[in-house]
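The values are calculated or read from the model by the stated rules, or taken from the named source; none is laboratory data. If you're wondering where the values come from, they're calculated on a predicted model, not measured in any experiment. For neighbour counting, all protein chains shown are included, and Cβ atoms are generated from backbone atoms with ideal geometry for every residue, glycine included.
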Amino acid sequence: MVDVRSNESPGEKAFNLLSKYLDENGIREFEEISVEMESIFATHPSPSLQTAENIIASFFRARGVDNDFLNKWFNGAKAHATGYGIGAEGLPIAMLADFGMFRFLEFLREKDVPDDVIFQIFSSAAQGDGEGKISLWGM
């Protein structure tokens with residue numbers, strides 16, 4: 001486990017952990033994913049299921065992923081949401097949230113950030129800023 005100062009805000013903890021494992025370019029790339037995801041949620045605050053699926057499919061198709069993978073992704077996302085008691089109304093947002101987590105997780109693993117540190121980063125970010133927001137940049 002990485003030792004971080006206990007007087008840091010959750011956002012500061014997340015940022016400091018990222019800074020230990022990512023260089024300046026890596027931090028910039030991570031922030032770009034964050035900005036892209038924030039933009040998706042700002043542009044589509046109440047997306048339809050079709051809109052959420054289109055956003056996710058566009059990302060994966062640009063990477064050459066086939067329809068079989070997409071079908072498994074969507075079926076898995078629906079099962080995951082159902083398992084947490086999320087109904088049809090909340091499903092599109094849940095799918096986009098899972099998509100965002102996937103993007104962050106994939107990026108951090110590509111950068112060889114250990115799983116326990118990834119967990120700490122996500123845990124710190126999920127603690128938010130006390131105003132109901134999740135923030136990795138709470139400086």
### Query
Scanning the range 74-103 for residues that are under 19 Å from Ile40 (Cβ atoms) and assigned to a loop (DSSP other than H, G, I, E, B), which turns out farthest from the chain's Cα centre (by Cα)?
Glu89
### Message
Exactly one of these conditions fails for Asn25: (1) among the polar types (S, T, N, Q); (2) surrounded by 14 or more Cβ atoms within 10 Å (Cβ to Cβ); (3) under 19 Å from Arg109 (Cα atoms). Give me its number.
### Response
(2)
### Task
Evaluate the range 71-87: report whether one residue or more is closer than 22 Å to Ser124 by Cβ and out of contact with any Lys or Arg (no Cβ under 7 Å at 6 or more places or on another chain).
yes
### Summary
Result of the Cβ filter at 7 Å on the range 77-92, keeping first residues that are without any contact (Cβ under 8 Å) to a residue 60 or more places away in the chain and partners that are in a loop (DSSP other than H, G, I, E, B) and exposed (fewer than 13 other Cβ atoms within 10 Å of the Cβ), at least 6 apart or interchain, is Pro92/Ser48
### Task
Give me a count of the residues in the range 28-73 that are within 20 Å of Leu108 (Cα to Cα) and charged (D, E, K, R).
7
#### Entry: Selection count where residues are out of contact with any helix residue (DSSP H, G or I) (no Cβ under 9 Å at 6 or more places or on another chain) and either assigned to a loop (DSSP other than H, G, I, E, B) or among the acidic types (Asp, Glu) (or both), scope the range 39-65
2
### Task
Pairs only if they're at least six apart or on different chains, beta carbon under 8 angstrom, first in the range 54-67 and basic (Lys, Arg), second surrounded by 10 or more Cβ atoms within 10 Å (Cβ to Cβ) and in a helix (DSSP H, G or I); list them, first residue then second.
Arg61/Leu70
### Task
Go through the range 8-48 residue by residue and tally those that are under 18 Å from Ser124 (Cα atoms), basic (Lys, Arg) and either in contact with a strand residue (DSSP E or B) (Cβ under 7 Å, 6 or more places away or on another chain) or at pLDDT 90 or above (or both).
1
### Task
Taking Val113 as meeting all but one of (1) exposed (fewer than 15 other Cβ atoms within 10 Å of the Cβ); (2) outside any helix (DSSP H, G or I), write down the number of the exception.
(1)
